[in-house]
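Input: a single structure, listed below in C-alpha cells.
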Amino acid sequence: MFSKRSIIWLGLLAAALSTLVISTQVDGPPRTNEDRVRALSQDFACPTCDGQSVAESNAVVAQEIRRDIRRQVDEGQTDAEITDALVSAYDESIDLRPRSGGVVGLIWIVPVVVMVFGFAALASVFRRWRDTAVQTASDDDVELVESLRRERAGDGSS
Amino acid sequence: MHVLIGYAAVSLGFAGSLLGIATIIMSLVRKQPGLMRSVRVHVGLITLASIVAVVVMESALLQHDFSVKYVAEHGRIGTPVMFTVATLWGALEGSILLWALILVGYLAIVAWRFRDRSEDPMVAWALLTMLVVTAFFFALMLGPANPFISVANPPANGPGLNPLLQNNVFMAFHPPMLYLGYVGFTVPFAFAIGALVTGRVGEGWLIETRRWTVFAWGFLTFGIVLGAWWSYETLGWGGYWAWDPVENASFLPWLTGTAFIHSVMVQERRGMLRVWNLSLVCATFALTILGTFLTRSGVIASVHAFSESGIGPLLLGFFAVIVAVTVGLIGWRGDALRSVGKIDSPVSREGAFLANNVVFAAFAFVVLLGTVWPLIVEAINGDRIAVGNPFFDRMTMPIGFVLLFLMAMAPVLPWRKASGEVLSDRLMWPAAAGVAAMIISLLLGGAGWAPVLTFGLAGVAGGAAVRQLFIATKRQGWRGFVGRTNGGMIVHLGVILIAVAFAGSNAYLRQAEFSFDQVGDTKEFAGHTFTYIGDEELVSPDGRIDDQVLIEVDGSLERPALTLFPFAGRTLGTPSTRGSLIDDVQLSVIPTNEEDAGAVIRVTVQPLVRWLWIGGALMAIGTALALVPGKRRRPTAPTSALPVSDDPVDSSPDVVPV
C-alpha cells in the first residue's frame with residue numbers, strides 16, 4: 001500500500017532518472033573540428049605567457065600551437081596522440097594535465113584521500129553525538145543553575 | 001615634490017601605526033583603559049596620511065610627473081583619464097598603496113564604530129591587531145614596495161599601463177572591489193584575535209563581526225565576477241575563468257569565507273563549532289596574505305602577476321607569523337573553546353551546514369593544492385610541470401554537484417531534527433521544480449548527464465530558496481526579502497543562475513573559424529548568420545589604432561578589431577560580444593600574415609553566459625539585503641535599558657548617556 005505522497009515521490013524520482021538516462025543518449029550539437037581544437041587548447045600552457053593556456057593567449061607561440069592542434073585534428077589524430085606530439089615538441093611543462101604517475105600523480109590522489117577522510121571524520125562525529133546518552137540534569141545541577149541565576153539577577157549587571 | 005610629500009605621508013602613516021600600537025600595549029599592560037582614547041588621534045593621523053599618500057600619487061599620475069619612478073614606469077601622456085586614475089592599482093607599489101588606503105578605511109570605521117567601547121580589552125586587542133597589519137603594509141611601502149622613489153633624469157613620457165589593462169573599463173572597477181573584499185576580512189580576523197586573547201570566545205565577537213564578514217564577502221564576490229566578466233570581454237576565447245593562480249588566490253578566501261558565513265549560524269544557534277569558526281576566520285585572512293605572496297612575489301607565473309620584487313619574503317614571513325599566532329592562541333584557549341552542544345541528527349539544518357563546511361574546505365584544499373603543486377614538485381625533484389584546467393575541472397565538478405545538492409536540501413531542513421514527513425512535505429515542490437527543469441532542458445535540446453543534472457539540482461535549489469522567500473514575504477511583507485536568511489536565499493538564487501550558466505556555457509559552447517574572402521561572404525553557424533561587410537581603421541585620441549572588421553551578425557553590425565598600441569608595441573584582439581539571454585555570439589579577429597583583403601574570424605557561440613553576470617548581480621543584491629537588519633533585534637538586557645519616559649519630548653538626547 002502506497003500513500004498518495006509516496007506515489008508522487010516515486011513518480012518524481014522515476015521522471016528524474018529517466019530524464020538523466022535520456023540525456024546521455026541524446027546527441028548534442030555536432031562537434032566541429034574547432035570545438036575540439038578549443039577543448040584541446042585549454043589543456044596546454046602557452047610556453048611564453050605566464051599562466052595562460054593556449055586557448056586564452058594570443059601570443060605568437062599560442063597561435064602556432066593552435067594551428068598545430070588544428071592541423072592534427074584535421075588529420076584525424078586522437079587527443080592522446082596530439083598531447084604526445086606537443087609534449088615532445090615542447091616540454092612537459094606545456095601539459096596542463098598532471099601525469100598520473102610518480103610524485104606528480106599524487107595530486108590526483110591526495111584530494112580524494114582528504115575528502116574521504118573529511119567525510120569519515122564527519123560521520124564519526126555524528127556517530128559519537130548519536131551514541132552520547134541523553135544527559136538529564138540532576139537535582140543538584142538544577143539547584144546550581146538556579147543559584148547562579150539568582151546571584152546574577154541580584155548583581156544588577158547583565 | 002610629489003615624492004617628498006608622498007614619502008612623508010607614508011612615513012607618517014607608519015609612525016602613527018607604531019604609536020597606536022605602543023599606546024594600546026601600554027594601556028593593556030598598565031591597565032589604564034583611559035589611554036585608549038588617544039588611539040583615536042593615532043587612527044586619525046594614519047587616515048590622513050593614507051589619504052594624502054593616495055592623493056599625491058593620483059596627482060603625480062594625472063600631472064604626468066615622471067620624476068616619480070612609479071609614474072615614469074607605468075604612466076603615459078595620452079592615456080585616457082580613467083585609466084590614468086586606475087594606474088594606481090595597475091602595478092605592485094600602487095596596489096599596495098590602495099590596499100593600505102582601504103585597510104586604513106576599515107580601521108577608521110572600526111575605531112569610530114566602537115568609540116564608546118574603546119576601553120573594552122577585546123576592542124583594544126582588535127584595534128591592536130588591525131594596527132599591526134596596517135604597520136606591516138606601511139612598512140612594505142617604506143621598504144621594498146616604495147611607490148615614491150624619485151628618478152634622477154625623468155623621461156619625457158612613460159610606457160603606460162599594460163595594454164591588456166587598458167582595453168576594458170572593468171579594469172577601473174574590478175581591483176578596488178576585490179580589495180574591499182580582501183582587506184575587509186582583516187576586521188573579523190582582528191576580533192577573532194581579540195576574542196582569543198581576552199578569552200571571551202563565546203558568541204559576542206561573532207555578532208560584532210558578522211556584518212563585516214558578509215560585507216567583505218559581498219565585495220569579494222562582486223570583484224571576482226567583475227574579473228570573470230573582464231576576462232570574457234577582453235580575451236575573446238569564450239571563457240571567463242581559467243584557474244590562473246591569481247584567480248585562485250582570490251577564490252581561496254572566498255571559499256573559506258563562504259564556509260564561515262554558513263557555519264557561524266550553527267555557533268550562534270547552538271554554541272558549537274567555536275574552534276572551527278575561529279580557524280575559518282583566521283584562515284580566510286591568512287589566505288588573502290598567502291594569495292598576495294603567491295602572486296606578487298614572482299614565485300608563480302601569472303598574467304596577473306606584477307614584476308618581481310623584494311616583498312615576497314616579507315609577505316611569506318607575515319603569513320607565517322599569522323599562522324603561528326592563531327594556531328598558538330587557539331591551542332592556548334583550547335579548553336575554553338570546547339563546545340558543549342551536540343548535533344542531534346545529520347539530517348538537520350546544522351548537519352547540512354557541517355557537510356557544507358567539509359565540502360568547502362575540501363574545495364579550498366583542491367584549489368590550493370593545484371595552485372602550489374608545481375612549486376612542490378619542483379622542490380621535490382626539480383621537474384617543471386604545470387597544473388591547469390583539466391585538473392581543476394575534473395576535481396571541482398563533483399564538489400560542485402555536492403554543493404548544489406546541499407544548497408537544495410539545507411533551506412528546507414529544520415534545525416535539530418527533520419522527520420521524513422516534514423522533509424517530504426517541504427521538498428515536494430522544489431523537487432517537482434527540479435524535475436521540470438530537467439525535462440524542459442531536454443526539450444530545449446540539452447544533452448549529456450552533467451548539464452542536465454546541474455539544471456535539475458538548480459531547479460530543486462531554486463525551489464527551496466523561493467519557498468523560503470515565499471513563506472517569509474507572506475508573513476512579513478517586504479521584510480521577507482531582507483535579513484540574513486532571506487537575503488541569503490537571494491544570494492542562493494544568484495549562485496544557482498551562475499551554476500546554470502556554467503553548465504550551459506561549458507557544455508554547449510560552439511566555436512568555429514571562418515575566413516571571409518570577399519565582401520558579402522555569408523556563413524551560417526550554430527543558428528546564426530554572419531556576413532562580411534568590410535574593414536575600417538579607427539584611430540583613437542590616445543593613439544591606439546583599431547583595425548575593425550565589420551561583420552553583420554543576424555542583421556546587426558558588429559565590429560571586432562585588432563587593436564595596435566603603438567606606444568607599447570603590442571597588438572591585442574578586441575573582440576565584439578553580442579548577446580541575449582539565450583546565447584552570446586563573440587567574434588574575434590585572428591591575425592593573419594597575408595596582406596590581401598578578407599579576414600579570419602573566430603566565432604564563439606555560448607548559450608546562457610549572460611546569466612552569469614545576472615547571477616553575480618543577484619548575489620550582490622542579496623548580500624546587500626542580507627545586511628539590512630531583519631526583524632530580530634539584538635536583545636537589550638533589561639537592566640541596561642533606558643528608563644521609559646512618559647513624555648516622549650522629555651526623553652530628548654540629553655538623557656541618553658554617552
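Out of A:Asp91, A:Asp68, one residue alone is within 11 Å of chain B (Cβ to nearest Cβ), in contact (Cβ under 8 Å) with a residue 12 or more places away in the chain, surrounded by 14 or more Cβ atoms within 10 Å (Cβ to Cβ) and of a type in the set (Asp, Glu). It is A:Asp91. When the stretch A:5-23 is filtered for residues that are more than 7 Å from chain B (Cβ to nearest Cβ) and under 25 Å from the mean Cα position of the chain (by Cα), the ones remaining, listed by number, are A:Leu13, A:Leu17, A:Ser18, A:Val21. Screening B:Trp229 with (1) surrounded by fewer than 24 Cβ atoms within 10 Å (Cβ to Cβ); (2) aromatic (Phe, Trp, Tyr); (3) part of a loop (DSSP other than H, G, I, E, B) gives one miss only, at (3). So A:Val26 clears everything in (1) farther than 24 Å from B:Ile385 by Cβ; (2) of a type in the set (A, V, I, L, M, F, W, C); (3) more than 8 Å from chain B (Cβ to nearest Cβ) except one condition, right? Which one? All conditions are met except number (3).
Looking only at the stretch A:29-39, how many residues end up being crowded, with 19+ Cβ neighbours inside 10 Å, more than 7 Å from chain B (Cβ to nearest Cβ) and not aliphatic (A, V, I, L, M)? Of the residues in that region, 0 qualify.
Among the residues of the stretch B:569-581, just one is among the small types (Gly, Ala, Ser), out of contact with any Ser or Thr (no Cβ under 6 Å at 6 or more places or on another chain) and within 14 Å of chain A (Cβ to nearest Cβ), namely B:Gly569. Exactly one residue among A:Val125, A:Val113 is at pLDDT 90 or above and within 12 Å of chain B (Cβ to nearest Cβ), and that residue is A:Val113.
Among residues belonging to the stretch B:371-424 that are among the small types (Gly, Ala, Ser) and at pLDDT 85 or above, point out the one that is nearest to A:Glu92 (Cα to Cα). So the residue we want is B:Ala386. Taken as a whole, the stretch B:483-503 holds at least one residue that is surrounded by fewer than 21 Cβ atoms within 10 Å (Cβ to Cβ) and not in a helix (DSSP H, G or I). Each residue in the stretch B:315-349 was checked for being assigned to a loop (DSSP other than H, G, I, E, B) and either hydrophobic (A, V, I, L, M, F, W, C) or surrounded by 13 or more Cβ atoms within 10 Å (Cβ to Cβ) (or both), and 11 of them qualify.
Evaluate the stretch A:40-55: report whether one residue or more is more than 30 Å from B:Met428 (Cα to Cα), more than 7 Å from chain B (Cβ to nearest Cβ) and of a type in the set (Ser, Thr, Tyr). Outline the logic, then answer.
Pass one, the stretch A:40-55, residues more than 30 Å from B:Met428 (Cα to Cα): A:40-55.
If we keep only those that are more than 7 Å from chain B (Cβ to nearest Cβ) as well, we get A:40-41, A:44, A:46-48, A:54.
Next cut, of a type in the set (Ser, Thr, Tyr) only: A:41, A:48.
Within the stretch A:40-55, one or more residues are more than 30 Å from B:Met428 (Cα to Cα), more than 7 Å from chain B (Cβ to nearest Cβ) and of a type in the set (Ser, Thr, Tyr).
For the stretch B:149-173, give me each residue that is over 23 Å from B:Arg570 (Cα atoms) and within 28 Å of the chain's Cα centre (by Cα). Don't jump to the end; show me each part of the working.
As a first pass, look at the stretch B:149-173 and keep what is over 23 Å from B:Arg570 (Cα atoms): B:149-154, B:173.
Within the stretch B:149-173, B:Phe173 is the sole residue that qualifies.
If the condition is being assigned to a helix (DSSP H, G or I) and modelled with pLDDT under 90, then the stretch B:278-313 contributes B:Gly291, B:Thr292, B:Phe293, B:Leu294, B:Thr295, B:Arg296, B:Ile311, B:Gly312, B:Pro313.
Just give me the residues in the stretch B:386-408 being at the interface with chain A (Cβ under 10 Å from one of its Cβ atoms) and part of a helix (DSSP H, G or I), in sequence order. Hits for the stretch B:386-408 are B:Asn389, B:Pro390, B:Phe391, B:Phe392, B:Asp393, B:Arg394, B:Met395, B:Thr396, B:Pro398, B:Ile399, B:Val402.
The values are calculated or read from the model by the stated rules, or taken from the named source; none is laboratory data. Since this is a predicted model, take the numbers as computed values, not measurements. As a convention, Cβ positions derive from the backbone with ideal geometry for all residues, glycine included, and neighbour counts pool all protein chains shown.
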